[in-house]
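Asks: One structure, as structure tokens, below. Some questions next.
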Amino acid sequence: MDDVESLLSPSEPLLAAYEDRAWQNTCLVLRRRRWLRRARQSAMLAALFAAGMGAMWMIRPADQGVREIVEIAPRPFEPLLPQGENRLVGDLNLNQPPIALERLASRSSGEKRVALYRRAGDRFLEFGDESGALRCYRRALDVGSREDLVVDASDSWLLISMKMARQKEKGNARY
């Protein structure tokens, strides 16, 4: 019986060869499955991208023809008051272009400077230049006193909002 048992039992090298072959086949199947999974995901992503591009193409606006860029020329300087009624601060005429008033304010001092910056800001607003008005009002409030932060009925909307913001800053400031 020993001969029969020896024939029926597998030999060691043969068993190792079968294990290696099984391992290689398993790894091959697993790699193939991983590659197929990634290929399916990539195909799905490409299909979704194409569907999104197709939807955007379908809802795009119709061609509106040639678009023209129109430049609006700035309004020329117009005196607000008739020549006989020029407003004066000291000996200065306040019915000047806003840039001239801003330059005069930068060279003057005291209350005259505050009044010139405020008037320049008003003039900038009249001409539709909010950034210039903001710059002049900011300088007027920087140079002015605490009494200048009080809201007045003659103040413009921009100056009122700046005064209110400054009052909040002063109230919330920590020293």
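Asks: Enumerate the pairs (first residue in the range 142-167 and polar (S, T, N, Q); second residue anywhere and assigned to a helix (DSSP H, G or I)) with beta-carbon separation below 6 Å, excluding pairs fewer than 6 apart on the same chain, so at least 6 apart or on different chains.
Replies: Sorted first by the residue in the range 142-167, then by its partner, the pairs are Ser156/Leu125; Gln167/Leu149.
Asks: Next up: Just one of Asn86, Asn95 is in contact with a strand residue (DSSP E or B) (Cβ under 6 Å, 6 or more places away or on another chain) and either at pLDDT below 90 or within 24 Å of Ala73 (Cβ to Cβ) (or both); which is it?
Replies: Matching residue, one of Asn86, Asn95: Asn86.
Asks: Restricting attention to the range 128-154, report how many residues are closer than 25 Å to Pro74 by Cβ and surrounded by fewer than 18 Cβ atoms within 10 Å (Cβ to Cβ).
Replies: So the count comes out to 7.
The values are calculated or read from the model by the stated rules, or taken from the named source; none is laboratory data. The shown structure was predicted, so the numbers you read here are calculated from the model rather than taken from an experiment. Cβ coordinates were reconstructed from backbone atoms using ideal geometry, including for glycine residues, and neighbour counts include every protein chain displayed.
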